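Engineer: Starting off with a structure, shown below.
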Amino acid sequence: DAKTTQPTSMDCAEGRAANLPCNHSTISGNEYVYWYRQIHSQGPQYIIHGLKNNETNEMASLIITEDRKSSTLILPHATLRDTAVYYCIVRVGSFGNEKLTFGTGTRLTIIP
Amino acid sequence: DAGVIQSPRHEVTEMGQEVTLRCKPISGHNSLFWYRQTMMRGLELLIYFNNNVPIDDSGMPEDRFSAKMPNASFSTLKIQPSEPRDSAVYFCASSLYYNEQFFGPGTRLTVL
């Protein structure tokens with residue numbers, strides 16, 4: 001699986017959009033970008049994933065660059081409950097490739 | 001849906017004792033994962049099963065660790081004998097094939 005690079009930490013004001021970047025310059029054509037987050041002492045939680053098109057769900061939006069070498073997770077209106085460590089993971093999305101490899105992630109702090 | 005259930009939530013034991021962690025995946029899921037999280041090593045995959053069959057156990061640290069999945073609704077992770085360096089939070093997760101993984105609340109293990 002391709003490696004990812006994320007900033008160690010970020011701050012965002014409550015109510016503003018939080019934009020979390022991720023670099024994955026060695027991504028292969030059949031690898032998806034997944035985002036999970038881990039709120040303190042809880043198990044990680046799936047947020048969103050995508051291949052090459054931008055994706056949106058009730059939690060967030062995922063913007064993937066045209067060359068697929070980087071992506072941005074957007075939390076449109078951050079709340080204090082969004083304070084967590086966010087993990088960007090690249091993985092082939094097919095049977096037999098269920099393994100997730102977590103890096104160090106970005107610690108996002110929402111400021112009141 | 002109750003989500004992934006893990007027991008016990010906390011375990012304190014003495015070095016040399018056997019420890020058994022338990023997991024009940026979400027009904028209908030056919031992939032089950034065991035992860036370990038420590039401050040030093042982060043979140044790492046120990047082993048995962050597809051349809052009750054171990055697929056990748058390359059993350060199991062050594063022979064003291066063993067995992068079983070006797071049926072689709074139950075899995076155990078056993079450490080025998082336990083050592084202080086095994087102290088960590090152990091997460092179980094389940095998924096339907098390579099779709100998003102749902103994590104349990106974790107078991108916090110302390111080996112004295």
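Engineer: Chymotrypsin sites (Phe, Trp or Tyr not before Pro), restricted to segment A:10-91: which are DSSP loop and have at most 14 other Cβ atoms within 10 Å?
Structural biologist: none
Engineer: Here is a further query. Out of every Cα pair in chain A, what percent are spaced more than 17 Å from each other?
Structural biologist: Of all Cα-Cα pairs in chain A, 50 percent lie more than 17 Å apart.
Engineer: Please give the total accessible area that chains A and B bury against each other, computed with a 1.4 Å probe and expressed in Å² to the nearest 100.
Structural biologist: Interface between A and B: roughly 1600 Å².
Engineer: While we're on this one: In whole percent, and with a 1.4 Å probe on the protein chains, what portion of the accessible area of segment B:1-104 is carbon and sulfur?
Structural biologist: 50 percent
Engineer: Just report the Cα centroid separation between segment B:71-93 and segment B:1-45, whole Å.
Structural biologist: Taking the Cα centre of segment B:1-45 as reference, the centre of segment B:71-93 is 5 Å away.
Engineer: Sticking with this one: Given a 1.4 angstrom probe, what's the average accessible area per residue across chain A, in square angstrom?
Structural biologist: 52 Å²
Engineer: Given contacts defined as C-alpha pairs under 8 Å and at least six residues apart, what's the relative contact order of chain B, whole-number percent?
Structural biologist: With pairs under 8 Å counted, the relative contact order is 37 percent.
Engineer: Run a plain Debye calculation on the protein assembly as shown (Cα atoms as equal point scatterers, no solvent) and give log10 I(q)/I(0) at q = 0.16, 0.18 Å⁻¹, rounded to two decimals, same order as the q list.
Structural biologist: Evaluating at q = 0.16, 0.18 Å⁻¹ gives log10 I(q)/I(0) of -1.11, -1.31.
Engineer: Quick one: dipole size for the protein assembly as shown, taken about the Cα centre, charges +1 on Lys/Arg Cβ and -1 on Asp/Glu Cβ, in debye to the nearest 20.
Structural biologist: Magnitude of the dipole: close to 140 debye.
Engineer: Okay, next question. Report the local net charge at A:Thr104: Lys and Arg +1, Asp and Glu -1, summed over other residues whose C-beta lies under 15 Å from its C-beta.
Structural biologist: Overall, the nearby charge balance is +3.
Engineer: Just checking the output field for B:87-93: average partner chain Cβ neighbours within 10 Å of each residue's Cβ?
Structural biologist: 2
Engineer: Hey, can you find the accessible area per residue of chain B for me, probe 1.4 Å, expressed in square angstrom?
Structural biologist: For chain B, the solvent-accessible area averages 50 Å² per residue.
Engineer: Roughly how many nanometres apart are two label points built 7 Å out from the Cα toward the Cβ at B:Asn51 and A:Thr56?
Structural biologist: Placing both labels 7 Å beyond Cα along the Cβ direction yields 3.9 nm.
Engineer: Distance in nm between label sites at A:Ser25 and B:Asp63, each 7 Å beyond Cα in the beta-carbon direction?
Structural biologist: My value for the distance between the label points is 4.4 nm.
Engineer: Can you give me the % of accessible surface on chain A that is carbon or sulfur? Probe 1.4 Å, all protein chains present, nothing else counted.
Structural biologist: 48 percent
Engineer: Rounded if a/c is under 1.5, else prolate if a/b beats b/c, else oblate: with a ≥ b ≥ c from the C-alpha gyration tensor eigenvalues square-rooted, which is chain B?
Structural biologist: Judged from the Cα gyration tensor, chain B comes out prolate (a/c at least 1.5, a/b above b/c).
Engineer: Follow-up question, since we're still on this one. Using the structure shown, select from A:Lys99/B:Lys24; A:Lys3/B:Lys78; A:Lys99/B:Lys78; A:Lys3/A:Lys52; A:Lys69/B:Lys68 the pairs with a Cα to Cα distance greater than 27 angstrom.
Structural biologist: Among A:Lys99/B:Lys24; A:Lys3/B:Lys78; A:Lys99/B:Lys78; A:Lys3/A:Lys52; A:Lys69/B:Lys68, the Cα-Cα distance tops 27 Å for A:Lys3/B:Lys78; A:Lys69/B:Lys68.
Engineer: Could you sort B:Glu14, B:Glu44 by accessible area so the largest value comes first, with the probe set to 1.4 Å?
Structural biologist: Solvent-accessible surface, decreasing: B:Glu14, B:Glu44.
Engineer: Turning to a different aspect of this structure: Which of the residues in segment A:66-112 show a loss of at least 50 Å² in accessible area from their chain by itself to the complete set of protein chains, at a probe of 1.4 Å?
Structural biologist: SASA drop of 50 Å² or more in segment A:66-112: A:Phe95, A:Glu98, A:Lys99, A:Phe102.
Engineer: To continue, here is another question. Provide A:Lys99, B:Lys68 ordered by accessible surface of protein heavy atoms (probe 1.4 Å), highest first.
Structural biologist: So the residues, ranked largest to smallest area, are B:Lys68, A:Lys99.
Engineer: For segment B:49-104, what is the convex hull (Cα atoms) projected area averaged across all directions, in square nanometres?
Structural biologist: Over every viewing direction, the Cα hull of segment B:49-104 projects on average to 4.4 nm².
Engineer: Given Cα pairs under 8 Å that are at least 6 residues apart, what percent is the relative contact order of chain A?
Structural biologist: 37 percent
Engineer: Further question: Size of the dipole of chain B about the Cα centre, Lys and Arg at +1 and Asp and Glu at -1 on the beta carbon, nothing else charged, in debye to 20?
Structural biologist: Its charge dipole is roughly 200 debye.
The values are calculated or read from the model by the stated rules, or taken from the named source; none is laboratory data. No experiment lies behind these values; they were computed from the predicted model shown. Positions of Cβ are generated from backbone atoms using ideal geometry, with glycine treated the same way; all protein chains shown enter the neighbour counts. Only protein heavy atoms, including side chains, enter the accessible area calculation; ligands, DNA and RNA are left aside. Shrake-Rupley method; radii C 1.70, N 1.55, O 1.52, S 1.80 Å.
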